[in-house]
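All of the numbers you see were taken from the coordinates with simple rules; none came from a lab. Computed from a predicted structure; not experimentally measured. As a convention, Cβ positions derive from the backbone with ideal geometry for all residues, glycine included, and neighbour counts pool all protein chains shown.
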Amino acid sequence: MSSEHSDYIVRFEEVQKSYDGVQLVVKNLNLDVSRGEFLTMLGPSGSGKTTCLMMLAGFETATHGEIYLDDVPINNVPPHKRGIGMVFQNYALFPHMTVAENLAFPLEVRNLGKSEIEAKVQRALDMVRLSEFGNRRPAQLSGGQQQRVAVARSLVFEPDLVLMDEPLGALDKNLREEMQYEIKHIHENLGVSMVYVTHDQSEALTMSNRIAVFDDGIIQQLSTPDDLYERPMNAFVASFIGENNKLNGRVVESNGELCTVEVDGAPIKALSVNHGGVGQGTTLSLRPERVTVGVEDDGSFPNVFSAKTEEIIYLGDHVRTRFSVCGHDDFIVKMPNAAGHIVLNEGESIKVGWHAEDCRALDA
Amino acid sequence: MASVTAAPEVMVTADGTPLKVSLHRALRRNKIRAFLLVLPLLAFLGFTFLWPIGVMMFRSVENSLVSTVMYRTVPLLAQWDETTGDLPDEAVFEALVQDVTEGFKNRTIGKVGTRLNYEEPGMSSIFRTSPKKFKKITEGPYKEKVIEAHKGWGDVDKWRLIKREGRPFTSSYYLAAIDRKLDNLGSITSQPAERQIYVKLFIRTLWMSALITGLCLLLGFPISFLLATLPTKTSNLLMILVLLPFWTSLLVRTTSWIAILQQHGVINDILVAIGLVSDDARLGMIHNQIGTVVAMTHILLPFMVLPLYSVMKTIPPSYMRAARSLGANPALAFWRVYMPQTVPGIGAGGILVFIIAIGYYITPALVGGTKGTLISNFIDYHMRVSLNWGLAAALGIILLGLILFLYIIYDRVVGIDNMKLG
Ligand SMILES: Nc1ncnc2c1ncn2[C@@H]1O[C@H](COP(=O)(O)OP(=O)(O)OP(=O)(O)O)[C@@H](O)[C@H]1O
Ligand SMILES: [Mg+2]
């Protein structure tokens, strides 16, 4: 990683992609990936994540715009000259080669010496804790082991950039979590840059430095995990990342940072983030854990409303309660199962309150 | 309670029958049912496949003709010592006269002549002319009169031949099929040069089949690759083109090759018209090996394409992409990653085409001339024209053995489990 390069290893500049000449699958993508960064592309199915990755790897060509790798435009560089490691969703381990031969493949095509290859393959196997498995065929490995081989193979030739397209999609939940940490540690230890695709938000939150939330071929928001969760910039991101109460209303007053939104006749104080101004419709976003139940209307909360208990779900460490508030009967509140918490009965009414800063006024 | 080490006990079911017996009983009904389900097919195969092969095998060594027709002569000859060079004694000649006369009456003696003529030319005419002359011989001494009737009977070699072929089984068909024969004293020698045809023919059959298989692979591989990688709509259309030959009569296809390849056919006319070939030097592309190879490659191509296609269809494009992303250029990725995965298809297509080609018959008969015919054409000839079924059977069995042998080699080298037919 030489210092004469800029800080960005990858830059997408106004990239567009269409497969059929009718519809844009990727619309005006601008994205920078810093050196050593773990960047995740997160989004629903069909939002164009794989397409972006394939353009970066060189298997699809951008219809418009330019992609830079190390400040060099790479639209005309064939995939095998890009030197980018890649892990495919189905692993794509070569079935006719042993694990060791699979790992040696990228080194052999680079014409490395025999002893050097052996040493590197062994080191890669050690890294993913599969030293004993070099002579097995991929079909003789479990899903998790295959996955680790695929990761090792993408790293064995020491690329600066590694792409992973839903590499954990085929694994069960426990194994997936284990692998998430393993990949994260490898990333930290080797200092490579990673671009990771997933549609599992918890995976994205666990692993990434930054997350690009995709929808409909557009990056909706590009931020750190906590920023995305705490400060979503639009209704899509707010509902896609984590759980979220949505209240639809109209802005009646906007006053610097704060605004007042009328929801079903009730004025709610909220943080102005992304609304169209006074008179316009807006969606209020409020995290279920930011609502306090059983408050007094004594001014400690700017927003206090009466809520009718509709449904109580006991989840062990916390209790989820569905209330009817301001004409919305899908208002969820999470209450930690701490000592002395309020015990509610269905049908009971109680006052709930929240701060204006926790309630974000977003696009309609 | 003190623990006692129990002897290994036989597991029993609730009613006390041993578990194994009970399991066996439970499975037996399934086995019987499975057997009954395949029984019709087994019977059919036995009747149409195994039985005829058995009959052919038997015919290739069977040799009862001489001993049944000449039932007096052959047992007497058994006591004759053929190594001394002396003729058999009087009793044998008497038996000969009786056998030939009776055989003539029953119209069987001619067959014996034909049979012995396979071994030595000239035997047929001896047996054709003898009966009329033997009519005059009514009493002994038989020896002189018989030799007088046809001087061939004074030749010890002829008697040796009759003694040898009087045995119930013979190896002479197999020997003939590999251009060998037994000499008078029963040791194996080569056929005279002008009668050595079968070994050459076997070699030609093998080599032309290999050539056809190679050409099918060469032409079939890119097509299969295209079929497997194109979008379904286009590939279905192409598939129809590949399968089209299956829906056209074999004879039509073969004869159209004649129309295309013959001296005044399409290709020659074009070559002459554009001046590449002069009118009196038109190329001979039919009724020779070229004709056979071209027509058979065309006919057998689908048998190569189908297994290849079905294997390639299952290779996900991500393998090639993975190879490219790991730094292999397209050619290398193809060679190191794609090709090895098509081996089961190549094996299946190759062995299929080769085995069909090795026994192919109509096409070489029509377009092969004399240089382009294969062993099967000679089997056919001996079945229908010369009626030497023993030799036809021996040739067929050798061909069968050859295919089995190649199949075993293939299994050893590639492994038959690696083969994928679809
Ligand atoms: N080869 C292709 N030809 C035509 N359209 C395609 C092709 N590949 C993808 N698309 C379309 O492009 C859009 C984006 O696809 P893409 O594979 O990038 O989605 P994704 O975000 O990776 O989704 P997923 O999470 O399901 O993998 C989809 O509407 C898809 O139908
Ligand atoms: Mg995808």
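For the listed peptides A:15-24, B:295-304, B:115-124, B:351-360, a ranking on the average number of other beta carbons within 10 Å per residue, highest first, reads B:295-304, B:351-360, B:115-124, A:15-24.
Maximal additional length on extending the B:SER125-B:VAL199 stretch stands at 23.8 nm, based on 0.36 nm per residue less the C-alpha distance. Label sites at A:VAL252 and B:GLN191, each approximated as a point 7 angstrom past Cα along Cα to Cβ, lie 11.3 nm apart. Protection proxy ranking for B:17-27, A:100-110, A:30-40, using the average of other Cβ atoms within 10 Å per residue and placing the highest first: A:100-110, A:30-40, B:17-27.
Considering only A:THR282, A:THR50, A:THR309, the Gaussian network model of chain A with Cα springs below 10 Å gives its largest mean-square fluctuation to A:THR309. Distance between the modelled labels on B:SER386 and A:LYS351, one decimal in nanometres: 11.7 nm (7 Å Cα→Cβ projection). A cut-off of 5 Å between modelled amide H atoms, ignoring neighbours fewer than 5 places along the same chain, links A:MET86 with A:LEU163. The amide H of A:VAL252, built 1.01 Å from its N in the peptide plane, has A:THR260, A:VAL261, A:GLU262, A:GLY279 as neighbours under 5 Å, considering only residues 5 or more places off or on other chains. 3J(HN,Hα) along the stretch B:25-32, derived from phi through the Karplus expression 6.51 cos²θ - 1.76 cosθ + 1.60 where θ = phi - 60°, amounts to 5, 5, 7, 4, 4, 4, 5, 4 Hz, with x in place of Gly and Pro. With an a/c value of 1.5 or above and a/b not larger than b/c for the gyration tensor axes a ≥ b ≥ c computed over the alpha-carbon atoms, chain B is described as oblate. A Förster radius of 22 Å, combined with the Cβ-Cβ distance separating A:ALA170 from A:GLN122, puts the computed FRET efficiency at roughly 0.25.
Computed over every Cα-Cα pair of the stretch A:70-225 and binned at 10 Å starting from 0, the pair-distance distribution P(r) comes out as 10, 38, 36, 14, 2 percent. Computed on the stretch B:170-223, with alpha-carbon pairs under 8 angstrom and 6+ residues apart, the relative contact order is 23 percent.
Going out from 0 in 5 Å bins, what whole percent of all Cα-Cα distances in the stretch B:61-111 drops into each bin? P(r) over the stretch B:61-111, rounded to whole percents: 4, 21, 26, 21, 17, 8, 2. Give the calculated FRET efficiency between A:ALA338 and B:ILE240 to the nearest 0.05, with a Förster radius of 56 Å applied to their Cβ-Cβ distance. About 0.20, to the nearest 0.05. If the chain linking B:LEU37 and B:LYS233 were pulled fully straight, counting 0.36 nm for each residue of separation and taking away their Cα-Cα distance, it would gain 66.6 nm. Size descriptors for the stretch B:198-418 (Cα atoms only): Rg and Dmax, in that order, 20.4, 66 Å. Calculate how steeply helix B:375-384 sits against the longest principal axis of the alpha-carbon atoms of chain B, using the helix alpha-carbon long axis, and give the answer as 0 to 90 degrees to the nearest 10. The helix B:375-384 is inclined about 40 degrees to chain B. Relative to the longest principal axis of the Cα atoms of chain B, the long axis of helix B:123-134 lies at roughly 30 degrees.
Normalising the average separation of contacting C-alpha pairs (under 8 angstrom, six or more residues apart) by the number of residues puts the relative contact order of the stretch A:8-230 at 30 percent. Label sites at B:ILE53 and B:LYS132, each approximated as a point 7 angstrom past Cα along Cα to Cβ, lie 4.9 nm apart.
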